[in-house]
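Chemist: Sharing a structure below in structure tokens format, with a few things to ask.
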Amino acid sequence: MKVGLLTEEQKELLVGQLYMVDTYFNPTLDGNDNWFISTIEMEYSDLQWVKELPLIDYVEPTTPPENE
Amino acid sequence: MSKLRPNRKSGLGQYVKHGILGKQKVYRNTEFERVPELTDEEKNRLLNEKLKPYTYDPRKHKVVRAAGPKDLAPTPTPTPTPTPTGYTEADAYLTAVVDAGGTGITPTISAATRTFYNSLMVDGLWDKLISFYPFMGGTAASHKFNGKNPVDTDAGYRLTYYGGLTHDSDGLTPNGSNGYADTHVLPLDYIDVNNGSLGTYIQTTATTKSYPCEIGTTYYNQQMLLRSKNNANLLGSLYAGWNNPGTSPLLDGMIVISRTSGDAADTGYYQQGSLTYTNAPNTSPITGMVYPVFIGAANLRGAGGNDYSDRTQSFTFVGLGLTSSEVSNLSSAVNTLQVALSRNTY
């Protein structure tokens, strides 16, 4: 699965911003500690720089769920 | 005609004339005998001397009939409160869906939705559901509504979406990496350690995720979760520790975890309406259940989503504890609605 790679500064710009009706960006850390957003967020955003984010392979965090 | 006046001068026993002139008759003056002024005590004593004591003589006093219900003041008959049909509530939800741009709400779907709401009322489930999401209309805007209170506010428990999710006629699908929906339901406002439930109707069991959480919130060892493990077994937690049913492989369709008491038999996992596993209960405090329940992920101590799922959900709820029969009735009603929506899995 591909995701859009964010810098720390870009992540800060997107937190709390809507990318479509009722739906907020959710910058998240992957298993390599890279900030990313989904391709869905990139597709529906009106921000051109978001649409042009570099794509990377998603690496799932390996942290086990709490209290397993 | 003469008019006689009282003979004020005449004394007791004297005679007076009374009548028409020439036809007068003679009457004896019988004025009241004057008595000395008496005190109240003396009056009462004299009165009691004159009165005979009352005694009941059945020969003299006939009882016509014994006192019965007709002699009592009429007790108003309580008017039974009719069970609501749920039609008004169903129509409110459907209106919200259509007004938000939802599609596919045909007369058949409307009728099925009314039937579903009626089942919730008749089966006594309405008051046990804190919020539920029928995911009808096929769009983000139409899927957000809480079927119990379809208003567009956080206080009404409408969904707010984060990250990557898609919406279609099957329901809501989080992307498994950063997508989830915030219900705004704070469990501790409603539940206690022996009273709570979660459930969702999933379209598929297949996933690439290790521990996908379909719905829940967590605060260290205090958890209210419904999830699976390694693409296989159903897991859940209410409200400390989590437990693997082991021999209960995850099925598609309606999955529910519910707890109604501190007894092991009353904490159960249900799949497609049937109890598949019971869990040893705990009595740990649940004071950390103050973060809203997420759909498509677990709320990690209020810090955001965790354990993202990629399963499509067609119906999801947060509720108070449900008994086995209530879970069975709810699962049946939800599945019937899915049949009408052509997205049932069983």
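The values are calculated or read from the model by the stated rules, or taken from the named source; none is laboratory data. All of these numbers come straight from a predicted model, not from anything done at the bench. Positions of Cβ are generated from backbone atoms using ideal geometry, with glycine treated the same way; all protein chains shown enter the neighbour counts.
Chemist: Please determine whether any residue of the range B:314-331 is within 27 Å of B:Ser110 (Cβ to Cβ), surrounded by fewer than 24 Cβ atoms within 10 Å (Cβ to Cβ), in contact (Cβ under 8 Å) with a residue 40 or more places away in the chain and aliphatic (A, V, I, L, M).
Modeler: no
Chemist: Conditions: (1) touching a Leu at 6+ places or on another chain (Cβ under 9 Å); (2) surrounded by fewer than 19 Cβ atoms within 10 Å (Cβ to Cβ); (3) within 14 Å of another protein chain (Cβ to nearest Cβ). B:Ile286 meets all but one. Number of the miss?
Modeler: (2)
Chemist: Something else: Within the range A:54-68, identify whether any single residue is of a type in the set (Asp, Glu), farther than 21 Å from B:Asn306 by Cα and either exposed (fewer than 14 other Cβ atoms within 10 Å of the Cβ) or more than 13 Å from chain B (Cβ to nearest Cβ) (or both), and answer yes or no.
Modeler: No, the conditions are met nowhere in the range A:54-68.
Chemist: How about chain A: which helices (runs of 4 or more DSSP H) wholly inside it have at least 1 residues that are within 30 Å of B:Ser237 (Cβ to Cβ) and at pLDDT 95 or above?
Modeler: In chain A, A:39-44 are the helices (runs of 4 or more DSSP H) which contain 1 or more residues that are within 30 Å of B:Ser237 (Cβ to Cβ) and at pLDDT 95 or above.
Chemist: Filter the range B:159-183 for residues that are at the interface with chain A (Cβ under 8 Å from one of its Cβ atoms) and not β-branched (Val, Ile, Thr) and give the result.
Modeler: Result: B:Leu159, B:Tyr161, B:Tyr162, B:Gly163, B:Gly164, B:Leu165, B:Asn175, B:Gly176, B:Ser177, B:Asn178, B:Gly179, B:Tyr180.
Chemist: Scan the range B:298-311 and report the pairs whose first residue is under 19 Å from B:Gly199 (Cβ atoms) and whose second residue is among the charged types (D, E, K, R) and surrounded by 21 or more Cβ atoms within 10 Å (Cβ to Cβ), with Cβ atoms within less than 6 Å and a gap of 6+ or a chain change.
Modeler: Within 6 Å, the pairs are B:Ala298/B:Asp307; B:Ser309/B:Glu214.
Chemist: I would also like to ask the following. B:Asp154 passes all but one of (1) within 14 Å of chain A (Cβ to nearest Cβ); (2) touching a residue at least 40 places away in the same chain (Cβ under 8 Å); (3) of a type in the set (D, E, K, R); which number fails?
Modeler: (2)
Chemist: Whether any residue in the range B:240-250 is touching a Leu at 6+ places or on another chain (Cβ under 9 Å), over 25 Å from A:Val3 (Cα atoms), more than 14 Å from chain A (Cβ to nearest Cβ) and modelled with pLDDT of 95 or more is what I want to check.
Modeler: no
Chemist: Does the range B:197-214 hold any residues that are within 14 Å of chain A (Cβ to nearest Cβ) and under 14 Å from B:Leu235 (Cα atoms), and which are they?
Modeler: Of everything in the range B:197-214, those that are within 14 Å of chain A (Cβ to nearest Cβ) and under 14 Å from B:Leu235 (Cα atoms) turn out to be B:Lys209, B:Ser210, B:Tyr211, B:Pro212, B:Cys213, B:Glu214.
Chemist: Just to check your reading of the model, which residue among A:Lys11, A:Lys2, A:Lys51 is under 10 Å from the mean Cα position of the chain (by Cα) and over 17 Å from B:His167 (Cβ atoms)?
Modeler: A:Lys11
To keep it simple, each residue is scored yes or no on (1) buried (at least 24 other Cβ atoms within 10 Å of the Cβ); (2) at pLDDT 80 or above; (3) in contact with a helix residue (DSSP H, G or I) (Cβ under 6 Å, 6 or more places away or on another chain); (4) under 23 Å from B:Ser169 (Cα atoms).
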position: B:Asp192; (1), (2), (3), (4): no, yes, no, no
position: B:Ala206; (1), (2), (3), (4): no, yes, no, yes
position: B:Lys229; (1), (2), (3), (4): no, no, no, no
position: B:Leu238; (1), (2), (3), (4): yes, no, no, no
position: B:Thr267; (1), (2), (3), (4): yes, no, no, no
position: B:Val293; (1), (2), (3), (4): yes, yes, no, no
position: B:Ala297; (1), (2), (3), (4): yes, yes, no, yes
position: B:Arg301; (1), (2), (3), (4): no, yes, no, no
position: B:Asp307; (1), (2), (3), (4): yes, yes, no, no
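Chemist: Return the pairs, sorted by first residue and then second, in which the second residue is part of a helix (DSSP H, G or I) and surrounded by fewer than 20 Cβ atoms within 10 Å (Cβ to Cβ), the first residue lies in the range A:37-49 and is on the phi < 0 side of the Ramachandran plot, the beta carbons are less than 6 Å apart, and the residues are 6+ apart or on different chains.
Modeler: Cβ pairs passing all conditions: A:Met42/A:Lys51.
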